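The values are calculated or read from the model by the stated rules, or taken from the named source; none is laboratory data. These numbers were taken from a predicted model, which means no experiment stands behind them. With ideal geometry, Cβ positions are generated from the backbone for all residues, glycine too; neighbour counts draw on all protein chains shown. With ligands, DNA and RNA removed, areas are computed over all heavy atoms of the protein, side chains included. Shrake-Rupley method; radii C 1.70, N 1.55, O 1.52, S 1.80 Å.
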Amino acid sequence: MGKALIIGAGGVASVVVHKCCQNSEVFEEICIASRTKSKCDALKEKLDGGKTKITTAQVDADKVEELVALINDFKPDIVINVALPYQDLTIMDACLETKTDYMDTANYEPLDTAKFEYSWQWAYREKFEKAGITALLGCGFDPGVTGVFSAYAAKHYFDEINYIDILDCNGGDHGYPFATNFNPEINIREVSAKGSYWENGDWVETEPMEIKRVYNFPEVGEKDMYLLHHEELESLGINIKGIKRIRFFMTFGQSYLTHLKCLENVGMTSIEPIEFEGQQIVPLQFLKAVLPDPASLGSRTVGKTNIGCIFQGKKDGEEKTYYVYNVCDHQECYKEVGSQAISYTTGVPAMIGAMMVMTGKWKKPGVYNVEEFDPDPFMEALNKWGLPWQEDFNPVLVD
Ligand code: NDP
């Protein structure tokens, strides 16, 4: 079928590469390109010899001209951006210049403020339309599958959806007192920011971790979860008909929260540069350097994740509820691709999203969030490629 350029060689990229190689009919050729080429080469070494041809390259994705040169050389059908959110705009610029389709798993973030909003990327809509290329935004699990679940609920089960609660539960244990399951800088920026939810067309802001609920997750059990701001709230609030409120909850264990509070209290989670021994350093970036690499957690993490959405709304004038979720086992993921479930649940949808664009199922000029496309082929692909979903038409609701 075609060629994909994968940018980044971290935890999520590793899963994307494994999954593309399993799906060699679509991904005949991939190039893994990242800042540290040795990480790309290590991935190639692991997976070489299969049907998918793998090459690697060094690229600084902050530099449009380097990206353009690489794209012109490799000529991919799509660029899969699984580097960091800071690189989204430069990669989109390079895609525009070379007229190449684009996808990512996280919205653009400027280095100096944690915003979690789509405004910068949505501003590219007209340019992508004119260039005749597709940009698929936020195609991991959350954002990503949560948007596909929402589109699927809207298409098959509701005339209007009034309430969505997205529940992200990680029941896994890696045995460390404190570690993050994906890039620590992005993860800590996300959880130490103020919380917010979308209600009646407006944001309601909360203090970090102010709203706590307990939920009994299928196959995982009872967990504390906390309301966070999350980027898909913004696009779903616009794209889902009849919506009154959307909230996002994530589970955290007490040890994680206690450590985070302490790190915050001493200033280690700050993104303001400070001077240290004559050098400017960002405390959060230094913290990242001393924490375990998320890519190394795979072998030691046991337990399951359960991520899904509870919908409330109306069908044929009747009130209706619907819960759709995926349960993923950390050790099963490790056995299959050498990664824990957080990277797996992000990397599989990223591969599927790229496949949707490459096969033309989700291809139209412009910049889109996942819920703007037909969810059915994506839902089918989730079952096929390792993230089967389950449904409950009478779930316990979150108050
Ligand atoms: P990692 O930190 O493990 O990997 C990031 C990779 O990007 C590294 O290989 C890094 O290179 C590379 N990189 C960073 N800066 C540049 C640059 N300027 N040029 C080229 N390469 C660069 O992160 P994860 O794999 O955990 O996360 C990847 C993305 O997935 C993030 O954007 C994250 O927010 C998103 N994500 C989305 C989720 C979802 O459900 N939607 C869930 C989890 C993550 P180097 O090795 O040199 O540092």
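Within the chain, which DSSP H helices have Cα atoms that stretch 24 Å or more along the helix axis and a mean Kyte-Doolittle hydropathy of at least 0.0?
Membrane-span-like by this rule: 341-358.
How much accessible area per residue does segment 121-181 have, counting only protein heavy atoms and a probe of 1.4 Å, in square angstrom?
Heavy-atom SASA per residue in segment 121-181 reads 31 Å².
Among 161, 71, 211, whose mean-square fluctuation peaks in a Gaussian network model of the chain (Cα, cutoff 10 Å)?
For the chain, modelled as a Gaussian network with Cα springs under 10 Å, the answer is 211.
Would you work out if the chain is rounded, prolate or oblate? Take a ≥ b ≥ c from the square roots of the eigenvalues of the alpha-carbon gyration tensor; rounded if a/c is under 1.5, else prolate when a/b is larger than b/c, oblate otherwise.
Values: a/c = 1.39, a/b = 1.12, b/c = 1.24.
The shape class here is rounded.
Within the set of other residues whose C-beta is less than 10 Å from the C-beta of residue 243, count the net charge using Lys and Arg as +1 and Asp and Glu as -1.
Every neighbour counted, the sum reads +1.
For segment 191-250, just say rounded, prolate or oblate: build the C-alpha gyration tensor, square-root its eigenvalues into a ≥ b ≥ c, call rounded for a/c under 1.5, and beyond that prolate if a/b exceeds b/c, oblate if not.
Since a/c reaches 1.5 but b/c is at least a/b, the shape of segment 191-250 is classed as oblate.
What's the carbon and sulfur percent of the chain's accessible surface, probe 1.4 angstrom, rounded to a whole number?
Carbon and sulfur together cover 48 percent of it.
Express in Å², to the nearest 10, the accessible area of residue 111 obtained by rolling a 1.4 Å probe over the protein heavy atoms while all chains stay in place.
100
What order do you get for 223-232, 272-281, 38-47 when each peptide is scored by the mean count of other beta carbon atoms within 10 Å, highest first?
Top of the packing list down: 223-232, 38-47, 272-281.
Probe of 1.4 angstrom, ligands and nucleic acids ignored: what's the accessible area per residue over segment 239-370, in square angstrom?
Value returned for segment 239-370: 43 Å² of accessible area per residue.
Here is the link list: 115/212; 19/364; 155/244; 130/194; 46/99; 53/304. Which ones come out longer than 28 Å on Cα distance?
Flagged as over cut-off: 130/194; 46/99; 53/304.
Counting alpha carbon pairs within less than 8 Å and at least 6 residues apart, what relative contact order, in whole percent, applies to the chain?
Relative contact order comes out at 21 percent.
With label points built 7 Å along Cα→Cβ from the Cα atoms of residue 72 and residue 123, find their separation and express it in nm.
2.6
Roughly how many Å² is the accessible area per residue of segment 1-48, as a whole number, for a 1.4 Å probe?
Numbers: 1880 Å² over 48 residues.
On a per-residue basis, segment 1-48 sits at 39 Å².
Using a Förster radius of 22 Å, what is the FRET efficiency between residue 216 and residue 160 based on their Cβ-Cβ separation? Nearest 0.05, please. Show your work: numbers first, answer last.
Details: r = 28 Å, r/R0 = 1.27.
For R0 = 22 Å, the calculated efficiency reads 0.20.
Test of understanding: in a Gaussian network model of the chain with alpha carbons linked when under 10 Å, which of 173, 202, 73 would top the mean-square fluctuation ranking?
73
Rounded if a/c is under 1.5, else prolate if a/b is larger than b/c, else oblate: which is segment 30-179, with a ≥ b ≥ c the root eigenvalues of its Cα gyration tensor?
oblate
Given a Förster distance of 45 Å, report the FRET efficiency between residue 63 and residue 318 from their Cβ-Cβ distance, rounded to the nearest 0.05.
It comes to 0.20.
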